[in-house]
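To start, the structure itself, in structure tokens.
The values are calculated or read from the model by the stated rules, or taken from the named source; none is laboratory data. Nothing here was measured: the structure is a model prediction, and the numbers come from that model. When we count neighbours, we look across all protein chains shown, and the Cβ atoms used for this are built from the backbone with ideal geometry, even at glycine. Accessible surface is based on the protein model in full, side chains and every heavy atom, while ligands, DNA and RNA are left aside. Shrake-Rupley method; radii C 1.70, N 1.55, O 1.52, S 1.80 Å.
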Amino acid sequence: MKQLITLVAYFLIILSLAGQSPLRIIPEPFRVEQGQGQPFTIDAQTAIVLRDSIALPAAQRLAALPGANFPIKWGAKGGAEENGIILELSPDLDYLGDEGYTFQVRQEAITIRAFRPAGLFYAVETARQLFPQRAEGLIGYAIPSFDVEDHPRFSWRGLHLDVSRHFMPVDFIKKYIDYLAFHKLNTFHWHLVDGIGWRIEIKSHPELTDWGAWRVVKEGKMPWQDFEVWKEGDERPRYGGFYTQEEIREVVAYARERFVTVVPEIELPGHSEVVFQCYPELLCQDSLGNPLRNIGVYCAGNPASYQLLEDVLDEVLELFPSEYIHIGGDEVNKSNWGRCARCQRLMAEQQYPSLHDIQSHFINHFDKYLQARGRKLIGWHEILEGELSPSASIMYWGGAGQAAAYLRRGHPTVLTPGSHLYFDHYQSQSPHEPKAWGGYTPLKEVYEYEPVPEELEEAYRANILGVQANVWTEYMPDARQVEYMVFPRIAALSELGWAQGGKDWPGFREKLGALLPRYEAMGVNYARSAFRPQATFELDPSTKELVARLETDLEAELVYTLDGSEPPSPSMHPYTGPLRLEHSATIKAVALKDGQPLTESETFEAVLHKARGAAVELHCTPYGSYQAKGGFTLVDANFGGNKWGNGQWLGILDQDFEAALEFDSLTLIRQVGFSCIEETGAGIYFPVNVEVEVSADGQHFKKVKTWQNNRPKPIPRTSDIRTQTITLDFAPIACRYLRVKAAYQKVEGQGVFIFVDEVVVE
Ligand code: TNX
């Protein structure tokens, strides 16, 4: 019977391994070779075998895997134990580094070897994903014969968490560290200080947490709007929390057992409003000694600023043994320094040419301070402004496209590009996503990121310490929402940090599909955003049908309706391929698992208006990269969405818009819609008027309607993005030729665009 079970299990595994990667492990191991021999079958006698007590923690972790319950035995050096899972350290594996390991499965035994305990730890994490989740335990489970040799690509594989904007309890911090370890991440960047909350107990300055850890809750306002620290006696409700030093020690020890280094961040010289609400006397002052406005920036000319931060750092260094200490340094508003008497004196004394040098003065002071204590300073890349000490390290959070330029500055750098690794960005374009900071970084975009810029010269590549994703919690009020934003993007991050590069999206997608049930078993609130259907529409110019394609980033059973009902519903259809639409339609789609919807359904409007596919002549010139598909853009029955720079919009600069459309035959029309977008701050305005003229013969045109934009002047310049279809209704008229004109909004001293994506004719 046992043999039969083994055989069946074996074939099932062989079948499941038919894909590219023989093992479904995230992150992808460096090398996996399938063996020829028989599998190893776990039975009631299977035991973990140790030769050295250094391997004991790994053994205990292995024994504690769900359903494992293996006893731990001591074995002789060099012995070969039957039916054992052998864990051993071996000096000859030094070429795999501190975190590498080998994992060998044979019929007789499983052998896990590593140069250092961290390697054994990661091998156990590999086993965690290898072993099935079975209610009945692992007995009877057969593991196919294979060889794994594994080690990470980067030494810094980080995940950050902002606990200032929203406080996260210690229990969750520990869970978070478990999540890191599960994904073979080794650095937890703990953003303990920001403008609206101080989260670390400092014994020499108790006000920082007595007051600074709490803020007054203000109805209807975001936490950073009108921020005020809460002090004892205040009757108003408060929000906050902080970590005692004892709790921090506990977290650091917990992390160390999981080979996770905790890098604390103490923000300076900016992002520190809270500090000056506790100590207003530390604010910059004008020449009469009046405090300047609290913009969250330390006075660089006041010795007390340095004293406070040194006191803080002294305690931080006691608590955190990490090599790196993060000192923030991002987004410093330097305006007070320009008006502060002390800062101006400092500038004069040091003959600093610019305010950037004041920033460097401040940063370099702490670089020296940390170096003298055997540590290294790391800060956000803005610390490169001015003259940064060469020993400082950088955390780069700009776009991936500019990373090479920063790496050429020669500082050791952790890449956390805002374009790919900001987990506070939206994960899908669905209107159902919970409110996020902004930006759009779906799972696939994280996965597709390549940390080493292709154009970067070899000599600078060694400066890349690794990768990290940042989790800013402005819109993450609790642990559940943090999990939603982090999972499953953390799986893609895991690949970036550990696997050797080279992309295999289909393979990753399949592996992730297998990982999701584990997330569920772990109780993680992961986002199903990658299961949200997306639609693309393509006009077939010959038939004028609109071809609608539906897809999800992760594989799932897709269904849709065309009758307006919410799927799943009796009238739903399985999506098996592109839909050819002859008429306007409302498509509602959702992905199902076991008949249950994975997310809310999405609604897509297909607009098959009368001008679709008409011949178009543009009588204006689209500017630069805003060409989209030329004149066809206007009649392709596609709308450009709410991002004017996405290549789907025509942009016309300092010119009136004009296009001539020609139908195949005389067509009865009664309405023209001019679909446009506006962002006044970017110089993009709705037109001042739109005019429609029609003709039957192409010679004699008749004006049928004019629309006037009557809004009051001046029009405010804002970064709000608005789309609008300006509609012009008129008495039905038959025509073959149509002219649409739109005059641009003239604004003194500035270039102005009209952006248009469709001329909708009904
Ligand atoms: C910028 S990225 C910040 C954070 C915000 C974040 C929102 C960085 C170093 N600073 O303070 O939370 O944008 O995405």
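Can you pull out the residues in the stretch 181-193 that are assigned to a loop (DSSP other than H, G, I, E, B) and within 16 Å of the ligand (Cβ to nearest atom)?
Of the residues in the stretch 181-193, the ones assigned to a loop (DSSP other than H, G, I, E, B) are 183-186, 192.
Passing the criteria: only LEU192.
Every condition in (1) part of a strand (DSSP E or B); (2) surrounded by fewer than 19 Cβ atoms within 10 Å (Cβ to Cβ); (3) of a type outside the set (Asp, Glu); (4) touching a Ser or Thr at 6+ places or on another chain (Cβ under 7 Å) is met by THR536 except one, and the failing one is (4). May I ask you to list the residues in the stretch 584-620 that are touching a residue at least 60 places away in the same chain (Cβ under 8 Å), among the acidic types (Asp, Glu) and in a strand (DSSP E or B)? The answer is GLU602, and nothing else. GLY647 passes every criterion in (1) touching a strand residue (DSSP E or B) at 6+ places or on another chain (Cβ under 9 Å); (2) in contact (Cβ under 8 Å) with a residue 12 or more places away in the chain apart from (1). Of all residues in the stretch 401-435, exactly one satisfies the criterion of being within 24 Å of LYS588 (Cα to Cα) and within 12 Å of the ligand (Cβ to nearest atom), namely TYR426.
For (1) touching a residue at least 40 places away in the same chain (Cβ under 8 Å); (2) assigned by TED's automatic domain parsing to the domain that holds HIS271; (3) open to solvent by less than 10 Å² (accessible area, probe 1.4 Å), each residue gets a yes or a no:
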| site | (1), (2), (3) |
| --- | --- |
| GLY158 | yes, no, yes |
| VAL163 | yes, no, yes |
| LYS184 | yes, yes, yes |
| TRP190 | yes, yes, yes |
| VAL193 | yes, yes, yes |
| TRP198 | yes, yes, yes |
| ASP210 | no, no, no |
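Taking the stretch 540-556 as the range and being open to solvent by less than 70 Å² (accessible area, probe 1.4 Å), out of contact with any Leu (no Cβ under 6 Å at 6 or more places or on another chain) and not in a loop (DSSP other than H, G, I, E, B) as the test, only VAL547 passes.
In the set (1) in contact with a strand residue (DSSP E or B) (Cβ under 8 Å, 6 or more places away or on another chain); (2) over 15 Å from VAL471 (Cα atoms); (3) away from the ligand (no atom under 14 Å from the Cβ), VAL446 fails one condition alone, (2). Checking the condition loosely packed, with under 14 Cβ neighbours inside 10 Å, within 30 Å of ALA556 (Cα to Cα) and touching a residue at least 12 places away in the same chain (Cβ under 8 Å), which residue from LYS435, LYS444 passes? Answer to the selection: LYS435. Which pairs turn up if I take residues in the stretch 29-52 that are assigned by TED's automatic domain parsing to the domain that holds LEU65 and look for partners that are aromatic (Phe, Trp, Tyr) and assigned to a loop (DSSP other than H, G, I, E, B) with beta carbon separation below 8 Å, at least 6 apart in sequence or on another chain? Listed by first residue and then by second, the contacts come to THR41/TYR141; ILE42/TYR141; THR46/PHE70; ALA47/PHE70; ILE48/PHE70.
With respect to (1) part of a helix (DSSP H, G or I); (2) more than 14 Å from the ligand (Cβ to nearest atom); (3) surrounded by 21 or more Cβ atoms within 10 Å (Cβ to Cβ); (4) not charged (D, E, K, R), the lone exception for LEU377 is condition (1).
Within the stretch 478-499, residues that are over 15 Å from TYR449 (Cβ atoms) and among the polar types (S, T, N, Q) have Cβ atoms under 9 Å from residues that are open to solvent by 10 Å² or more (accessible area, probe 1.4 Å) and not in a helix (DSSP H, G or I) in these pairs: GLN481/HIS166; GLN481/PRO434; GLN481/TYR475; GLN481/ASN525, counting only partners at least 6 apart in sequence or on another chain. Just so you know, in the stretch 659-682 the residues that are of a type in the set (Ser, Thr, Tyr) and under 21 Å from ALA615 (Cβ atoms) include one that is surrounded by the fewest Cβ atoms within 10 Å (Cβ to Cβ), and it is SER665. Would you call GLN481 within 16 Å of the ligand (Cβ to nearest atom) and assigned to a helix (DSSP H, G or I)? Spelling it out, GLN481 is indeed within 16 Å of the ligand (Cβ to nearest atom) and assigned to a helix (DSSP H, G or I). Within the stretch 368-408, take every residue that is closer than 18 Å to GLY418 by Cα and free of Cβ contacts under 8 Å to residues at least 12 places away in the same chain and give me the one that is nearest to the chain's Cα centre (by Cα). Within the stretch 368-408, the match that is nearest to the chain's Cα centre (by Cα) is GLN402.
Evaluating PRO488 against the criteria (1) away from the ligand (no atom under 16 Å from the Cβ); (2) under 27 Å from PHE167 (Cβ atoms); (3) open to solvent by 10 Å² or more (accessible area, probe 1.4 Å) leaves one unmet condition, (3). Among the residues of the stretch 194-222, the one identified as among the aliphatic types (A, V, I, L, M), assigned to a strand (DSSP E or B) and out of contact with any helix residue (DSSP H, G or I) (no Cβ under 8 Å at 6 or more places or on another chain) is VAL216. Taking LEU355 as the residue in question, decide whether it is farther than 30 Å from PRO477 by Cβ, among the aliphatic types (A, V, I, L, M) and within 14 Å of the ligand (Cβ to nearest atom). Spelling it out, it is not the case that LEU355 is farther than 30 Å from PRO477 by Cβ, among the aliphatic types (A, V, I, L, M) and within 14 Å of the ligand (Cβ to nearest atom).
So for the stretch 696-707 (the condition being in contact with a strand residue (DSSP E or B) (Cβ under 7 Å, 6 or more places away or on another chain) and acidic (Asp, Glu)), does at least one residue qualify? Can you show your working first?
Pass one, the stretch 696-707, residues in contact with a strand residue (DSSP E or B) (Cβ under 7 Å, 6 or more places away or on another chain): 696, 698, 701-707.
Checking the rest, the ones that are also acidic (Asp, Glu) come to none.
No: zero hits.
Return yes when GLY137 is part of a loop (DSSP other than H, G, I, E, B) and either away from the ligand (no atom under 16 Å from the Cβ) or modelled with pLDDT of 95 or more (or both) and no when it is not. Yes; evaluated as a whole, the condition is true for this residue. Annotation: LYS511 fulfils all but one of (1) away from the ligand (no atom under 16 Å from the Cβ); (2) among the charged types (D, E, K, R); (3) in a loop (DSSP other than H, G, I, E, B); the unmet one is (3). If you go through the stretch 380-395 and keep only what is open to solvent by less than 20 Å² (accessible area, probe 1.4 Å), closer than 23 Å to PRO321 by Cα and not polar (S, T, N, Q), you end up with TRP380, ALA392, ILE394, MET395.
The residue that is farthest from PRO412 (Cα to Cα), among those in the stretch 461-478 that are away from the ligand (no atom under 14 Å from the Cβ) and not in a loop (DSSP other than H, G, I, E, B), is VAL467.
The residue of the stretch 621-658 that is least open to solvent (accessible area, probe 1.4 Å), among those that are in a loop (DSSP other than H, G, I, E, B) and among the acidic types (Asp, Glu), is ASP636. If a residue has to be in contact with a Phe, Trp or Tyr (Cβ under 8 Å, 6 or more places away or on another chain) and not in a strand (DSSP E or B) to count, how many in the stretch 159-172 make the cut? Selection size over the stretch 159-172: 6.
Select from the stretch 269-326 the residues that are crowded, with 22+ Cβ neighbours inside 10 Å, assigned to a loop (DSSP other than H, G, I, E, B) and among the hydroxyl-bearing types (Ser, Thr, Tyr) and list them in ascending order. Within the stretch 269-326, SER272, TYR298, SER322 qualify.
All conditions but one from (1) open to solvent by 30 Å² or more (accessible area, probe 1.4 Å); (2) more than 16 Å from the ligand (Cβ to nearest atom) apply to TRP224; the one that does not is (2).
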